[in-house]
Each structure stands twice: as structure tokens, then as C-alpha cells.
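Here's the structure we're looking at; comments come further down.
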Amino acid sequence: MNEMFTKIREPERDFFIPWEHIGFSLDAVRSQAEMDSVYHLTYECYLREGYCSKSETKRLIHYPHLDELDETTVLVVKDPLGKVVGTCSTTVDNPAGLHVDDDFHQQVDVIRKENCALASSWRIAVDRKSRAGAVVVKLLIEGSIAYWHTRSIDTCLMTFNPCHERFYARYMNCKTIARSGDIHGLSNAPAVLMRWDAMRCPFKNRLSTLDIQTVH
């Protein structure tokens, strides 16, 4: 594993302690082995959707510069056996930019002029072989939202395949602001740029709508 892609920083202890639900746990990446599992899971999920080609490494690292930043936090969901079955990353805006800058730079710069605390959420992947896929998705989404509130993020930008647009509009009250026929670093990946705002968040002032217990 190339060391340049495996920088691991200490997660914020006041938030990631971790969360658990029916044996599945949400936490920030804490080791190079977990980060490698993220790259492998991303590869498996994106290959299945036709977004990337087969690779001998069976790893996909499509925004390597973001993984090197202190502003990036990588979340993982583990099943009861400790296997990584879901992941999602958040990057707080910084001089190196966000993943959405590669495809929607003009729209992102317009939002930056609002002087809001800006971030982007990216690399969401869920192991479809997991029998509790819905639980994994909810842990990732609601855990991410709770983290954004902890970091006082006002606006978070995300790109999704258009087939998921309605789900995120309903579940997170996200708004679509642009569309693209393809995404940087991926193949056959049309995308919508969606915006989440804390002031419109359906989960505002609460960590989760699930019965998720924190473990001390």
C-alpha cells in the first residue's frame, strides 16, 4: 500500500466514540488497514455500477489528494464481525478545494461567496452483500449529519447518480443545483450536484432518528 494514500489522523474524540445499532458500529477510520478496506469497498461498489475498470490492486483511490488533508474525515460502518461494510467521507473547504470543484467549480465558487462554513461529502459506498444495507446507509447519512453539526458546517455539497436524487431530496432535504454527464476520475457516471443546508436539515438539533446508542 502506498504510504502517500494512508495518512491517518486522530479522530475527534468528542464525537466518534463510536455509534452502534444492532451490532453495526459507525466510527472514523483509525488505521491504515481500515483505510485500505475503504479503497477496496469503493472499488467493489463502483466496479459493480460500471464507474471504474477492473484493477489488479482491487482498490479505487479517485481523489487521493483529499485523503492527505487534515480537513478530510473518513467514516466507516463495521458489521458485528468487524468487517467494513460502508463508508463515507467529508472534507471541509480548504485551499486545496473540494471534490466537487473538479466538475462544478463555477457553482461551488458561487456558494463560497455566501461566506458559509462549507464542506463536501463524497465516496459513499455500501457493501450490497450486507444483510442490513438499510441500517448501514442510515448510520452513514445520519452520522455524517451529526458530524457536520458538530463541526458547525452550514452547507455540504454532494454528487449523486440522478437515480438517487429523489431519495436525498426527501430524506435529507437536499436541493439540486447542477447536473453533469460525467464525473472526474470515474466512467459512465452522470451526476447531480446537491446541496444540504443545516438550517433546512430535517434532523436539526438531534443526532439521529434511529435508536443509535453511543458507546463510552
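The values are calculated or read from the model by the stated rules, or taken from the named source; none is laboratory data. Keep in mind the model is a prediction, meaning the values are calculated, not measured. Glycine gets a Cβ as well: all are built from the backbone with ideal geometry, and neighbour counts include every protein chain shown.
Pairs linking a residue in region 129-142 that is among the polar types (S, T, N, Q) to a residue that is not in a helix (DSSP H, G or I), with Cβ atoms under 6 Å and 6 or more positions apart or on different chains, are 130/85. Reported count of residues in region 93-116, each being aliphatic (A, V, I, L, M) and touching a strand residue (DSSP E or B) at 6+ places or on another chain (Cβ under 7 Å), is 4. Contact map, region 24-45: first residue within 17 Å of residue 122 (Cβ to Cβ), second residue of a type in the set (Ser, Thr, Tyr) and surrounded by fewer than 17 Cβ atoms within 10 Å (Cβ to Cβ), Cβ cut-off under 7 Å, separation 6 or more or different chains; pairs are 43/55.
Mind listing whichever residues of region 119-135 are closer than 14 Å to residue 89 by Cα and not charged (D, E, K, R)? Listed by number, the residues that qualify are 119, 120, 121, 122, 124, 125, 126.
For region 85-123, which positions are closer than 30 Å to residue 23 by Cα and at pLDDT below 95? Residues satisfying the conditions do not exist here. Taking region 145-216 as the region of interest, none of the strands (runs of 3 or more DSSP E) fully inside it holds 3 or more residues being at pLDDT 90 or above, out of contact with any strand residue (DSSP E or B) (no Cβ under 6 Å at 6 or more places or on another chain) and under 15 Å from residue 121 (Cα atoms). Taking region 31-140 as the region of interest, the helices (runs of 4 or more DSSP H) fully inside it that hold 1 or more residues being of a type outside the set (Lys, Arg) and within 13 Å of the chain's Cα centre (by Cα) are 32-49, 64-67.
Conditions (1) crowded, with 18+ Cβ neighbours inside 10 Å; (2) among the charged types (D, E, K, R); (3) modelled with pLDDT of 90 or more, marked per residue:
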residue	(1), (2), (3)
11	yes, no, no
21	yes, no, no
31	no, no, yes
35	yes, no, yes
65	no, no, yes
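Residue 180 satisfies every condition listed in (1) touching a residue at least 60 places away in the same chain (Cβ under 8 Å); (2) within 16 Å of the chain's Cα centre (by Cα) except (2).
In this structure, is residue 88 buried (at least 20 other Cβ atoms within 10 Å of the Cβ) and either within 17 Å of residue 186 (Cα to Cα) or touching a Ser or Thr at 6+ places or on another chain (Cβ under 6 Å) (or both)? Considered against the rule, which asks whether it is buried (at least 20 other Cβ atoms within 10 Å of the Cβ) and either within 17 Å of residue 186 (Cα to Cα) or touching a Ser or Thr at 6+ places or on another chain (Cβ under 6 Å) (or both), residue 88 comes out as yes.
With respect to the conditions (1) farther than 27 Å from residue 139 by Cβ; (2) in contact (Cβ under 8 Å) with a residue 12 or more places away in the chain; (3) in contact with an Asp or Glu (Cβ under 9 Å, 6 or more places away or on another chain), residue 101 lacks only one, and its number is (2).
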